[in-house]
Each structure stands twice: as C-alpha cells, then as structure tokens.
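So the structure is just underneath, and the comments pick up after that.
What follows is calculated from the coordinates using simple rules that are stated; it is not laboratory data. Just so it is clear, the model here is predicted, and its values are computed rather than measured. No Cβ is skipped: glycine too gets one built from the backbone with ideal geometry, and neighbour counts run over all protein chains shown.
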C-alpha cells in the first residue's frame, strides 16, 4: 500500500446493526481495510477493539428504541466528530440528521448507505399505529430527500431503492447500487455442494411474520414427501417464537442462530432453500439485490422456492434457479416442495444453474468494485 492511501481515514457509523453485520463489517469495512484505508466503525459493542484491521469504537448499548433514537444519537455524533475522518459513511435512516451535521461541522465527504426502502418498510411496522404509518412514512421520505442534498454519495442495496431516488433532481450521479452478494470465501466454503442429505429443506434468516415463517411451518403438514425443515435464525419476538413452536411438528427443527462461518457447512447439505416472504410493500421487489438469502442459497447449491411476486418470478424462474409459490398459501408452498422433490433431475439442474451464476457474477468480488470506485472518486485517489 502506498503512503498516501494509509493516511486516508474513513468512518462507518451504525446505531441499529451489530458491529459484525455482514454488509457493513464483513463486506464493506473489510474490503476498505484490505485496500489500505484506515477504517473505523462506530457501533454498539461491549468494548472498543480492532478486528481484521478495522477499529471498532464501541457505543454503549441502549435498552430501548427511544433511548437509541435520541440519547445514543447525540453520543454517536460526538464520537464521530472525535474521529476526524476524511469520509463518513452511515447506515441508518435515524442517522440522517447526524449525516447533515457532520457535513456542516466538518465539510468532509458523507455517504448515506440505504439498506432498505424505509418508506415502504414503515408502512408495515407493528410498533407504529396503523392510522399513523402513512404520515410517518411521508415524513421520513421528506427528511430523506432533503438530507440527501448534503451528501456526496448514496449507496443503495437494490435497483428498486435506486428508482425511489431517481426522481430527485438534487442527486445527479450520486446514487450507486451495491447489492448484497455473498463473499467469495462464503461461496468457496460451500464447496461443490454434492453432500445433500435426504430431503432437507431450510430457511436461514430472521424469523418473523413478514418473512412468512408461519406459512412455511404450516406447509410442512401438507408435503407428501418425507422432509425435514430446518429454521436457522433468531425470532423477532418471544410471542412469535411460542406461536411457531406451538404449530411445529416433528418434521420441523428450530436450530436458532448460528455464526456466519457456520452457514455454508449447513446449507450445502440441504436440497431446497425457502424465501416465502409475505406480500408487504417492502418485500415485493427486494430480491433484486437486497436479499442475500437467495444468492447464499445458490452458493450452497440449493434450488429455490420463493414468493410469486412478479419481480421475484423474473429472477428465480427467469434464471431457472427454482420456482415460486403463493407465500400466503401453505398448500401452494407444499405443492412446490413436492414438485421439486418429485423431479430430482430438475432440482439438480436448478442447483447447478444457481451455483454457476454465483461463481460467475453474483458475488461480492464484482460488487465491491463499485464501492472502491466511489471512494476513489470522492477522495481523489
């Protein structure tokens, strides 16, 4: 690395995500550190530490959302100012005011990383009264559009989010798409994916109503083949966990959360990966790049069963990586499972198609070039 590169200090900020979040830490921060940037990550953590050449500055863990939204935000701004970074890169919509203040106080480059379509997401938030959701969503949209005028770059996780920024004339050339593709070490850890065990099917990710977990579990009752469903991840709430455990039969095994490093060894032994999200506004187009589950399943050689939303069908069935089903109909999901298990040659072909596509184009090695190009452009490297 040359001397100039080593002097460039960049600071990533999150108050919502864990310090070792896959997109923020494993992909973006580690990629930048390997390129010679001095990388700082401000996040809630037990202690400040250096991991993989990334300096983690620990924010105190707040007990509830109200404290996080107000008290922690002020602490975060102070911590960020103290870093004296050349570029600040933040990841949460609640940090929009911090992004503006950092621009005004420091004059440094600011990047806003948009992981979700937050306006659509708010329309489904259970903790916001239904009558108020549209008003809150419009308020957030206005704040986001106004704040973005102050930023030097906007990174979005999918083409659908980019479209929501496209009609803002104050953002010419600022928006780039950085999709959640799997790391090559993840892809390589999956190996050749030839160790499929019985009729194992799986879901990996957050276990919540919006992810269609209840319908998936109910579908297993109607599957004619002998199957075993594995649920990997943590539940949204204790109440939802009790509900799912109450309806799960002996064919459903709830594993709980496992480390990112353990996922490849697990998924490559399965035959089918399920992504049967509910038809909520934020889910209808999120498969285009935001949903890393699809590509991680493909890296593990799994055939896919996804929700039958038009844009999802275009990706899954258009690429012949799997088939789609009505996510609100457990019997339809069950029929899709039986169809793939009853057609082993088709299932194998879909598995091979997905594996080939991940190795050739759907991986982080291709995505990171856009991240590095943006940083180079903003920092005049």
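Which ordering of 226, 367 is given by a fewest-first count of other beta-carbon atoms within 10 Å? Before the final figure, lay out each step's value.
Values: 226 9, 367 21.
In order of increasing Cβ crowding within 10 Å: 226, 367.
Contact order normalised by length for the stretch 184-360, with contacts defined as Cα pairs under 8 Å and 6 or more residues apart; what percent is it?
Details: 328 pairs, mean separation 46.3, N = 177.
RCO, the stretch 184-360: 26 percent.
Please report the antiparallel percentage of the DSSP beta bridges confined to the stretch 184-360, to the nearest 5.
0 percent
Once a ≥ b ≥ c are taken as the square roots of the eigenvalues of the Cα gyration tensor of the stretch 184-360, is the result rounded (a/c under 1.5), prolate (a/b larger than b/c) or oblate (a/b not larger than b/c)?
Here the stretch 184-360 falls in the rounded category.
Given points 7 Å out from each Cα along the Cα-Cβ axis, report the residue 81 to residue 224 separation in nanometres with one decimal.
In this crude label model, residue 81 to residue 224 measures out at 6.9 nm.
For each of 100, 10, count neighbouring Cβ atoms within 10 Å of the residue's Cβ, then give the residues from fewest to most.
Numbers: 100 18, 10 25.
Fewest-to-most Cβ neighbours within 10 Å comes out as 100, 10.
Taking other Cβ within 10 Å of each residue's Cβ, how do 203, 52 sort, fewest first? Please list the in-between numbers first.
Details: 203 25, 52 13.
So the ranking, lowest neighbour count to highest, is 52, 203.
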